[in-house]
Amino acid sequence: MLQLYADLFVGALWDLNQMEGQWAHGRLDAHIPFPAEVGARASVLQLDCAEHGLPMTAQKCARIMDQCDGSKPITYREAIALLKELRERLEDELHSQLFLHLDGQQAAMYQVPEKEWGEVIRRFGKVRKDVEEGIRCFALERYAASVFHVMLIAEFGVIEVAKLFGVEGDKPGWGALDRLQRVSTKAWKDKTAIEQKHSKFLDDLLPFALAIRNSWRHKLSHVDNKIEWADTDFSQNVAQDILSATRGFMEKLARDLPK
């Protein structure tokens, strides 16, 4: 997906219209004094078009650059015709593209998706990809896709905690959360040395993990440690709740999980 800098093309179309309008009132058969200037402007537009996936306009710019390289005279009439063709080519090619608009907040999330997750990524580098994809999907209002990636992040965290207490099981995943709850509710005398040592850490952490699971309890279920989707129609608020709960959970893990 390309990032469109719309101001470049708005400015280019404005310049082309301005030049056409100015030159149309002069002696059309007279020669332009500095044809290379037209070629130079076409060169700048060619680079922008090539970068933004507008190959036909870029190709037209290349032809104008050849015709306006200063090696031969060109009349105002000829220059106006070239600019008109270039402007129409650019308009047609822009019309053939689909552009999506992101507001300021969405754009910031899309461009710097890891901004609020720095502490988590520094501690758990493996979740970086899902953080980036999850936040960008949220910015694009693809909430089910965002939740999918965020749940993978939360599941990673649950597994890391389960490893500490030795209850990750044969199939590490969300099923470990139930086992962690059982560890937490054990009588003190029945807990292992590790379970006693990190008892407060687990008690403080479980509400975060349970908040995540409760936030998607009507949408998903986990059977045999696999997430099953019951409904993929996530609202923005539900997705935001899951994202916020997961970030809080992972930030606490990043700070407090023993290394």
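Structural remarks
- Elements of type helices (runs of 4 or more DSSP H) in the range 132-218, at least 2 residues being touching a residue at least 60 places away in the same chain (Cβ under 8 Å) and out of contact with any Phe, Trp or Tyr (no Cβ under 8 Å at 6 or more places or on another chain): 143-165
- Which numbered condition Leu45 misses (of (1) loosely packed, with under 12 Cβ neighbours inside 10 Å; (2) closer than 30 Å to Ala139 by Cβ): (1)
- Residue pairs whose Cβ atoms lie under 6 Å apart, separated by 6 or more positions or on different chains, with the first residue in the range 100-113 and buried (at least 16 other Cβ atoms within 10 Å of the Cβ) and modelled with pLDDT of 90 or more and the second outside any loop (DSSP other than H, G, I, E, B) and small (Gly, Ala, Ser), are Gln106/Ala139; Met109/Ala139; Tyr110/Ala139.
The values are calculated or read from the model by the stated rules, or taken from the named source; none is laboratory data. Everything quoted here is computed from the prediction, not taken from an experiment. No Cβ is skipped: glycine too gets one built from the backbone with ideal geometry, and neighbour counts run over all protein chains shown.
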